[in-house]
Amino acid sequence: MATTLHLLSMKYRLLLYSVLLLMAIAIDTQAQTTVRDSLAVVALIDRAESFFSASKYDSALYYCDLAETYSRRQGYRKGVGYAGIERADILLDKGDLEKASTQAGKTQALGLQLADPLLVAIAQLQQAQVKMYGGRYDEAIPLFEQCTREYFAKHPTRYGALAYNDFGYTYGMKGDLTNKAACLLRSVGIYESLGAGYDGEKAAAYNNLATLYYELKQSDKTIEYAKQSILYREKAGDIARLSLGCCNLSQFYLGVNAAEALRYQQLCVQYALQSGEEQRIVHAYVTASLIASDQQDTAAALEYELKAIALLERSGRDPMMLSRRYIAAGMAYSRTDPAKALHYYDQARQLALSRKDKFNLRDCYYQLALFYKGRAQFDSAYTHFNQYVGYRDSIIKDRTTADIAELGTKYETEKKDNLITRLHAEQRIKALQLEKQQALLAGNLAEAGRRQQEIDLLSKEKELQTLRIHRQQEQLERQQLLASNAQQQLALADKEKQLQERQLKGSRATRNFLLALLAVTGIAAYFLFNRYQLKRQLREQEALLSVRNHIAQDLHDEIGSTLTSIKILSEASGKSLQQDSGRALAFIRTISEQSAAAQQGISDIVWAVKPENDKLENMVIRMREYAAQTLESRQVRTEIHLDEGLLHTALDMQQRRDLLLIYKEAINNIAKYARATTVSVKLEQQGHYLHLQIRDDGVGFDPALPRSTSGLLNMQQRARAMQGVLVMETAPGKGTVIDLQLPLT
């Protein structure tokens, strides 16, 4: 987890603490602090920072406690504040958000007591980060706004740059890319205004900007800012992060400039190896594999994957990443060496099972299903696909449960935050009371300090009194304006009344006529409205009756004859069971087929009736499912091309019913008679018409010859019922094309 102070280099942070503490000494008239004391505090915070950089949190917190204890003993309260800043930063990086929030609250209270706006602003920034890291972005945004508006906007320091950087990240997590861009640009602007130095921080800010524009699909700006980030990484001498920057830039160049993508990929690997950091080297190998795959260099891609696997196996630090690399290696070997592919898939599966890693198990079973499907081993493909679906659904269920738990956690956290706020207020009151008693007992030891406090207090009271007088004056002026406005309105109302009286004397007859006309118009409108309501109710009843009739007719047409046939076949199979078992089995198979057809017919009727299926998006899903069920088992490859603009187009119940039946009849005919290898389905909008085209490369037929079934005739009738036109083009050996044009309402 990246936190505010952890993003600063140790060298510059120590310098910053030193400057802040020495400035505090110069302006703090109360503290009896020497330069030696301030340097002692800086040294203790520096020790805490060194342990913090090594992620030794307990030792870092220990030295923070020493710095605070020393500052309290010496009476140097600002030293207490800066020790608190370091402690909150460590707690943030450790992930202890509740304690970090408590510490930031204490620092803010101390900053308010000392009238130190920098302490207050940093504490507000840390409180904003607590909300940000806790995923409570709506609560973080007001805190970022407050600290940037009240202090960092007026004091463009590196703290301000860091605040705007985190502010931009928070906006990005809310999906507000406009404000994210504004904050990140402000952060970069502040860094640049600071002049030389801060190269590592500038590099991070430019890298964030590059990522933002990558999300916005603006490749020119993405590459420009990524290159700027790399330049600052080079100046900072940060080889590990330079490797990361080159990897990112290499991927940014994908699809833009293959040569540059390859060049930066090679630099990525070179810098990663120089850094010696395992995580960077693995990331570099994975990026190299991705670039090689994009350039169709399968051998190089596989070589880099195997290097990453060897490194991950040797360290054993990231089993989830290792499992993913096993899957990638299995995919690479799928075409060239099936035995090795299965070996790596099994390695991935075993490792994911041991870690209960549902995501990698899901992906592994999916790739295994594709592997067996490509080799026509459909039983194994089906088994692994079912396992893939099981893990996929389990992940969705887990996410839903996690979302509910997160809501509960947020609720409990808000309750605790409210309690903490109340406790802080009570503690502050008690602390102020103790300080008051100590001041009374101190006598003349702090006379100058008390005098200055009295002057400050009197000045503030004077300002408050002036403000109160100003507000009272504004209220008085407001009341006077309101009174004047009321008098003017009364005068206008009196004049209008006099004018109306004069007008009424000469227009009573006109008024009466208009009132009568209005009454007649109202009565007529009442009757017309009632008539309209009655007609609408009748139309709704007719529509409902029509729906019922359609459902009844569909049930009769689709199911009635099928059930009758099943009944007859059942009786015939019963009679033939003893005499001719072969014939009885044929009857039973026919009964099974007709039962399945009846079940599908009922499913289509129910699907068509549901109002949530009125969008073409749901129609396309059902079309894909039917094509997969009907054609894939016959080794027919199906391509469905969809105009995305049609997804939210609505069809009424009868339209989607007829359209689906036309489609199913065409697909069914292809499966039974066409002997095709490829079927192409295109659904698009042409002007005010919906165009459905179904094309196959099968044997075709002569449309002039008589047919034993009425499927094609039914398709024509359904098209005419929708005011559409269905055209069929076919010939023996030429395949078949079915074009359907339907008007869109």
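Summary of computed values
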| item | result |
| --- | --- |
| Residue match in the range 61-75 (condition: more than 41 Å from the chain's Cα centre (by Cα), at pLDDT 80 or above, not in a helix (DSSP H, G or I) and not small (G, A, S)) | yes |
| Test for T336: is it in contact (Cβ under 8 Å) with a residue 24 or more places away in the chain, of a type in the set (V, I, T) and either within 26 Å of Y372 (Cα to Cα) or outside any helix (DSSP H, G or I) (or both) | yes |
| Verdict on E684 being touching a His at 6+ places or on another chain (Cβ under 9 Å), among the charged types (D, E, K, R) and part of a strand (DSSP E or B) | yes |
| All positions within the range 632-663 that are in contact (Cβ under 8 Å) with a residue 40 or more places away in the chain, within 18 Å of G735 (Cα to Cα) and surrounded by fewer than 21 Cβ atoms within 10 Å (Cβ to Cβ) | Q635, R637, T638, E639, I640 |
| Out of L125, L119, sole residue that is touching a Cys at 6+ places or on another chain (Cβ under 7 Å), among the aliphatic types (A, V, I, L, M) and crowded, with 21+ Cβ neighbours inside 10 Å | L125 |
| When residues of the range 674-693 are limited to those that are within 16 Å of E632 (Cβ to Cβ) and not charged (D, E, K, R), the one nearest to the chain's Cα centre (by Cα) | V681 |
| Candidates L342, L368, L351, L312 - the one that is on the phi < 0 side of the Ramachandran plot, at pLDDT below 90 and surrounded by 15 or more Cβ atoms within 10 Å (Cβ to Cβ) | L312 |
| Residue that is surrounded by the most Cβ atoms within 10 Å (Cβ to Cβ) [pool: residues in the range 186-201 that are under 21 Å from A236 (Cα atoms) and of a type outside the set (G, A, S)] | Y191 |
| Qualifying position, being in contact with a strand residue (DSSP E or B) (Cβ under 9 Å, 6 or more places away or on another chain), under 23 Å from R622 (Cβ atoms) and modelled with pLDDT of 90 or more, among T730, T677, T736 | T736 |
| Residue match in the range 256-265 (condition: polar (S, T, N, Q) and more than 30 Å from G195 (Cα to Cα)) | yes |
| Residue in the range 102-112 that is crowded, with 24+ Cβ neighbours inside 10 Å and of a type in the set (K, R) present | no |
| Candidates G255, G195, filtered to the one that is over 24 Å from the mean Cα position of the chain (by Cα), at pLDDT below 85 and more than 26 Å from C147 (Cβ to Cβ) | G255 |
| Residue match in the range 6-18 (condition: surrounded by 20 or more Cβ atoms within 10 Å (Cβ to Cβ), in a helix (DSSP H, G or I) and modelled with pLDDT under 50) | yes |
| The range 144-170, residues that are touching a helix residue (DSSP H, G or I) at 6+ places or on another chain (Cβ under 6 Å) and part of a loop (DSSP other than H, G, I, E, B) | P156 |
| Positions within the range 28-41 being surrounded by fewer than 22 Cβ atoms within 10 Å (Cβ to Cβ) and either aromatic (F, W, Y) or modelled with pLDDT of 80 or more (or both), in sequence order | A40 |
| Matching option when the condition is of a type outside the set (F, W, Y) and over 31 Å from the mean Cα position of the chain (by Cα), among Q279, Q295, Q270, Q265 | Q270 |
| Which listed residue is of a type in the set (A, V, I, L, M) and surrounded by fewer than 19 Cβ atoms within 10 Å (Cβ to Cβ), from A210, A204, A258 | A258 |
| Hits in the range 82-101 - residues which are within 34 Å of the chain's Cα centre (by Cα) and crowded, with 19+ Cβ neighbours inside 10 Å | I85, E86, R87, A88, D89, I90, L91, L92, D93, L97, A100, S101 |
| Residue that is in contact (Cβ under 8 Å) with a residue 40 or more places away in the chain and either over 29 Å from G134 (Cβ atoms) or over 36 Å from the mean Cα position of the chain (by Cα) (or both), where the choices are G79, G105 | G79 |
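Yes/no matrix, rows are residues, columns are (1) of a type outside the set (D, E); (2) farther than 17 Å from I327 by Cα; (3) out of contact with any strand residue (DSSP E or B) (no Cβ under 8 Å at 6 or more places or on another chain):
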| residue | (1), (2), (3) |
| --- | --- |
| R263 | yes, yes, yes |
| L267 | yes, yes, yes |
| Q270 | yes, yes, yes |
| Q274 | yes, yes, yes |
| V282 | yes, no, yes |
| T287 | yes, no, yes |
| Q296 | yes, yes, yes |
| L302 | yes, no, yes |
| E305 | no, no, yes |
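The values are calculated or read from the model by the stated rules, or taken from the named source; none is laboratory data. Small disclaimer: the values here were computed from a predicted structure and weren't measured. Every residue, glycine among them, receives a Cβ derived from its backbone with ideal geometry; neighbour counts consider all protein chains shown.
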